[in-house]
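As structure tokens, the structure follows; a few thoughts come after it.
None of the figures in this text is laboratory data; all of them are computed from the coordinates on show. Not measured: the values here are computed from a predicted model. Here the Cβ is made from the backbone with ideal geometry for all residues, glycine too, and neighbour counts use every protein chain on show.
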Amino acid sequence: MIDLYTWNTPNGRKISVALEEMGLPYKVHTVNISKNEQFEPAFLAISPNNRIPAIVDPDGPGGAPISVFESGAILLYLAEKTGKFLPKGTRGKVAVTEWLMWQMGGFGPMPGQVHHFLMQPEGPARDYGYKRYHTETKRLYGVLEKRLAGRDFVATEGEPSIADFAILGWAWRHERHEVPFDDLPNVAAWYARMMARPATARGFEVALS
Ligand SMILES: N[C@@H](CCC(=O)N[C@@H](CS)C(=O)NCC(=O)O)C(=O)O
């Protein structure tokens, strides 16, 4: 049974979706980031950057426990452990890793900043931050829209990969970062395709707070 330390956020949801899709049993431990529980020493011992999500797998490599922090690292670990949602060949693996890193480096940090500036008091600082990060977020959605032309999934054919799970976690909050899907038909179709998967739906339904 994997221990999942998490909260109801895009980065948290990526991992509940992946665990459900991989059919791995897990136990949720909520880390209430609005109450600063991410700074508690027991959590910092497994997640030194004081961010959710993190996991502990009691049945890690060699049968010994292992902890993993950073959602991208967790997805890669779980894919390697199960042999699922990450192609075996180098060419396929590179495509998935590219889009996973694309999400981790941009399609997460940028909409995250939109969420931040939307919560600021009205004024020039809010306007500047909102414009900068919302423009960049829309550009990233445009990149995703182009990538999904003629494709069912972001980096694989036939079934999704951990890159889809990672990107979906943030697309789930597209209304909050104010990017409607009206002009993004490929993204809209992909989003609906992913959300129609029973395991993915369970990953979004499980209580994380
Ligand atoms: N790059 C990290 C980012 C994780 C992250 O930003 N987590 C947020 C919630 S979505 C968090 O724990 N924030 C707590 C804090 O900022 O102290 C990952 O993908 O795991």
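Per residue and in cubic angstrom, what volume does the convex hull of the Cα atoms of the chain have? Walk me through the intermediate numbers first.
Working: hull volume 25.6 nm³, N = 209.
Cα-based convex hull of the chain, divided per residue, equals 123 Å³.
Multiply the residue separation of Glu205 and Glu40 by 0.36 nm, subtract the distance between their alpha-carbon atoms, and state the gained length in nm to one decimal. Walk me through the numbers before you get to the answer.
Details: separation 165, 0.36 × 165 = 59.40 nm, distance 2.67 nm.
Using 0.36 nm per residue and subtracting the Cα-Cα distance, I get 56.7 nm.
Hey, can you grab everything whose amide H is under 5 Å from the amide H of Tyr26? Only 5+ residues off in sequence or another chain; H modelled, so Pro and N-termini drop out.
Ile2
Quick one: 3J(HN,Hα) in Hz for the range 174-180, Karplus 6.51/-1.76/1.60 with θ = phi - 60°, rounded, Gly and Pro as x.
So the Karplus estimates, Gly and Pro as x, are 5, 5, 5, 8, 6, 10, x Hz.
Could you compute the net charge surrounding Phe204? Neighbours are other residues with a C-beta less than 12 Å from the C-beta of Phe204; K and R count +1, D and E count -1. The partial results should precede the final answer.
Values: positive: Arg13, Lys14, Arg173, Arg197, Arg202; negative: Glu20, Glu21, Glu205.
Value of the local net charge: +2.
Taking only DSSP H segments of four or more residues, each worth -39500 (n - 2.57), what value at 222 nm results for the chain once the sum is divided by all its residues, to the nearest 500 deg cm²/dmol?
Numbers: 9 runs with 108 residues, N = 209.
Rounded to the nearest 500, it is -16000 deg cm²/dmol.
Need the full-extension length gain, Thr82 to Val94, defined as separation in residues times 0.36 nm minus the C-alpha distance. One decimal, nm.
Numbers: separation 12, 0.36 × 12 = 4.32 nm, distance 1.83 nm.
Length difference between fully extended and current span is 2.5 nm.
Return the loop-located trypsin sites (Lys or Arg not before Pro) in the range 15-88 (DSSP other than H, G, I, E, B) with at most 13 other Cβ atoms within 10 Å of their own Cβ; answer none if there are none.
Details: sites: Lys27, Lys35, Arg51, Lys81, Lys84, Lys88; in loops: Arg51, Lys84, Lys88.
Passing sites in the range 15-88 are Lys88.
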